[in-house]
Amino acid sequence: MTDAPLLEVQDLTKRFGGLVAVKGLGFAIRGGEVLGLIGPNGSGKSTAMRCVMGVDPPTSGSVRFEGREVAGLPAHKIARLGVGLVFQHSRPLNRQTVLENIKVALIPDRLSMILHSEEIDAKARAIAQRVGLGAVLDRKPPTLAFADLRRMELAKALAQHPKLVLVDEPFAGLTSSEVGAFSELISEFRSEGRAVLLVDHNVKSVAALVDRAVAMYLGEKIAEGTAAEVMRDETVRRVYLGGALTRAQHEPARVAQDGPPLLEVDGVEVRYGKALAVQGVSLQVREGEFVALVGLNGAGKTTLFNAISGLVRHAGSIRWNGHSLAGMTPAAIARAGIVQCPETRELFGDMTVRENLELGGNLLSPTDLAERMAWLFDLFPILRDRSAQVARTLSGGEQQMLAIARALMMKPRLLILDEPTLGLAPVILETLSKALHRLRSTTGLTVLLGEQNITFALPHADRLYVVEHGRIAWEGEPERFEEEAAEAYL
Ligand SMILES: Nc1ncnc2c1ncn2[C@@H]1O[C@H](COP(=O)(O)OP(=O)(O)OP(=O)(O)O)[C@@H](O)[C@H]1O
Ligand SMILES: [Mg+2]
């Protein structure tokens with residue numbers, strides 16, 4: 001570690017119209033240091049990173065890189081000085097292969113030429129190998145597993161040999177072993193003398209990795225120190241960490257044991273080309289039940305949900321309330337009461353928060369719609385504050401909250417939640433947890449949850465299914481899960 005900071009940010013402010021997203025922020029990072037940036041959703045973490053990188057020009061303040069003022073320079077100039085950014089959302093070139101994507105990052109200006117250069121090819125292969133993409137070099141991004149997409153983003157940032165790497169939510173959606181592998185890569189950057197600014201909501205992994213942490217709230221720095229010091233801070237606990245998730249405080253749901261299940265999936269198979277993504281899956285969900293499907297990325301949870309929602313063709317039978325869903329359109333299935341909140345969010349980016357919610361509630365009477373919206377704004381107050389903002393510009397966690405709120409606007413009988421914890425601050429997870437409890441006890445909502453975050457799934461679930469390679473590998477009650485299957489997943 002050298003003494004002069006590599007990056008020094010002072011009094012950084014970023015306004016969007018009337019909103020001050022970052023307010024007088026200051027911090028410094030030295031070479032060979034990993035600094036964690038934590039804070040609730042919408043606290044300005046991604047905006048601060050984008051200002052450092054020049055993707056968004058700061059409104060005021062100073063950003064010094066190796067002693068040189070770079071605030072206001074365009075992103076490509078800052079990149080050339082040695083700063084790399086790994087975005088919260090991947091934006092690959094979908095028609096190019098993984099290898100080509102990395103090559104483009106190596107020399108962004110000369111696309112046509114480089115596709116033939118051997119030296120570039122060798123470099124790109126070496127980087128791919130290093131981040132663990134060796135086996136998928138010739139695949140196109142849309143066919144990649146989620147973790148591989150994140151690896152490719154990291155590879156693209158590495159291609160520029162950055163001295164400072166800004167990484168936004170590298171762990172979101174990764175399994176614990178993938179998080180381990182990513183953490184190792186980031187530790188390697190440190191031992192090579194690079195500096196890393198890391199944003200993530202996975203508190204455990206951030207704490208294990210960073211040398212220091214800065215906590216933000218409403219655009220301002222509220223704490224700084226070692227990870228342990230920051231996590232102990234009273235304000236940080238209140239606004240970010242909340243309490244720990246505990247086992248359901250509510251009465252166990254009154255689940256009707258007689259009569260047919262509300263949802264009955266029997267021997268369902270889904271193929272993508274030759275690959276069997278879901279193989280002979282059977283499961284039941286009873287009225288009022290909370291059923292969790294746990295399993296790694298790519299295990300087939302989303303595909304199964306898409307089959308239930310009528311979005312992909314399947315073999316086998318899916319019955320709802322005793323009737324087959326075969327031949328029904330996704331819209332008709334949603335009207336029948338099955339509403340899916342997709343992992344990919346599927347928001348209307350150019351519409352405002354309010355408009356997205358209104359669309360979700362378009363089948364409700366005006367009074368119902370207004371009531372429901374008010375309830376959801378109480379649940380996620382930040383959505384009320386941002387109600388006139390277009391969805392595209394929301395922070396990662398705000399978008400996730402909006403997707404969940406929009407699904408709830410439809411007053412579903414069965415709510416399918418696919419990875420709702422992605423990108424949410426611990427304190428928001430707690431809010432969501434409580435809201436789901438409340439909804440179940442007051443409205444009899446039935447929930448089918450897909451999660452790899454078992455800590456979130458376990459306290460809620462009446463029953464769990466473990467999905468592995470497109471099959472159900474285990475099913476049972478949470479208590480038995482902890483005894484029999486938890487070790488492999490926690
Ligand atoms: N272009 C924009 N126009 C208006 N508001 C914006 C714009 N970009 C961001 N914001 C707002 O600025 C605030 C900070 O957003 P930012 O993305 O930096 O949050 P974050 O700390 O990264 O949150 P998360 O953890 O949810 O990703 C948010 O409330 C967001 O809605
Ligand atoms: Mg963010």
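FYI, it's all coordinate maths here, none of it is from the lab. Treat the numbers as computed from the prediction; the structure is a model and nothing was measured. Heads up, the Cβs are rebuilt from the backbone with ideal geometry, glycines too, and the neighbour counts pull from every protein chain shown.
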Considering amide H positions built from the backbone, and no H for Pro or chain starts, which residues 5 or more places from residue 214, or on another chain, come under 5 Å of its amide H? 36, 37, 38
Helix axis angle, 146-158 relative to the chain longest principal axis, alpha carbon, degrees: 10
Whole-Hz ³J(HN,Hα) for each residue in the range 412-427, computed from phi via Karplus 6.51 cos²θ - 1.76 cosθ + 1.60 with θ = phi - 60°, x for glycine and proline: what do you get? x, 8, 10, 9, 9, 10, 9, 6, x, 7, 3, x, 9, 5, x, 5
Given the range 7-240 reduced to its alpha-carbon atoms as identical point scatterers, what log10 I(q)/I(0) does the Debye formula return at q = 0.08, 0.09, 0.15, 0.17 Å⁻¹? -0.29, -0.37, -1.01, -1.26
Over the range 249-353, equivalent-ellipsoid semi-axes from the Cα gyration tensor in Å: 22, 20, 16
Hey, which aspartates and glutamates would be in cross-link range of residue 123, C-alpha to C-alpha under 13 Å, not counting anything within fewer than 8 residues on its own chain? 100
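Quick one: net charge around residue 334, please, counting Lys, Arg +1 and Asp, Glu -1 for every other residue with C-beta under 14 Å from its C-beta.
Neighbour charge sum, excluding residue 334 itself: +3.
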Stretch gain in nm, segment residue 479-residue 455, where the contour uses 0.36 nm per residue and the Cα spacing is subtracted: 7.3 nm
Run the simple label-point estimate for residue 275 and residue 471 please: 7 Å along Cα→C-beta, distance reported in nm. 1.8
If the cut-off is a Cα-Cα distance under 21 Å, which lysines reach residue 434, setting aside same-chain residues fewer than 8 apart in sequence? 411
DSSP beta bridges in the chain, what fraction antiparallel, as a percent rounded to 5? 55
Return one number: the angle in degrees, 0 to 90 and rounded to the nearest 10, between the long axis of the Cα atoms of helix 366-379 and the longest principal axis of the Cα atoms of the chain. 50
Rounded to 10°, Cα long-axis angle of helix 118-131 versus longest principal axis of the chain: 60
Pair residue 208, residue 20: separation of 7 Å Cα→Cβ label points (nm): 3.8
Sort 446-459, 186-199 by packing, meaning the average of other beta carbons within 10 Å per residue, with the highest value first. 446-459, 186-199
Using θ = phi - 60° and the Karplus relation 6.51 cos²θ - 1.76 cosθ + 1.60, list the HN-Hα couplings for the range 321-328 in order, rounded to whole Hz, with x at every Gly or Pro. 6, x, 10, 5, 8, 3, x, 7
Just want to confirm a number: the relative contact order over the chain, from Cα pairs under 8 angstrom separated by 6+ residues, in percent. 16
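Which percentage, to the nearest 5, of the DSSP beta bridges contained in the range 7-240 is antiparallel?
Roughly 55 percent of the beta bridges in the range 7-240 run antiparallel, per DSSP.
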Tell me, what ³J(HN,Hα) does each residue in the range 386-400 have, in order and in whole Hz, if you take phi through Karplus 6.51 cos²θ - 1.76 cosθ + 1.60 with θ = phi - 60° and put x for Gly and Pro? 9, 5, 9, 8, 6, 4, 4, 8, 5, 5, x, x, 5, 5, 5
With each pseudo-label sitting 7 Å past Cα toward Cβ, what's the residue 91-residue 188 distance in nm, one decimal? 2.7
Extension reserve of the residue 129-residue 143 stretch, reckoned as 0.36 nm per residue once the Cα distance is removed: 3.2 nm
Which links in 45/163; 14/140; 103/163 stretch past 29 Å when you go from one Cα to the other? 14/140
By the gyration tensor of its Cα atoms, with a ≥ b ≥ c the square roots of the eigenvalues, what is the shape of the chain: rounded for a/c under 1.5, prolate for a/b over b/c, or oblate? prolate
Given only helices, namely DSSP H runs of n ≥ 4 each adding -39500 (n - 2.57), what is the per-residue ellipticity at 222 nm of the chain, to the nearest 500 deg cm²/dmol? -10000 deg cm²/dmol
So who's got an amide H within less than 5 Å of the one on residue 289, skipping anything under 5 residues away but keeping other chains? H placed 1.01 Å off N, in plane. 447
Provide the packing ranking of 68-76, 3-11, 432-440, i.e. peptides ordered by the mean count of other C-beta atoms within 10 Å per residue, highest first. 432-440, 3-11, 68-76
What ranking do 43-51, 152-160 get when scored by the average of other Cβ atoms within 10 Å per residue, highest first? 43-51, 152-160
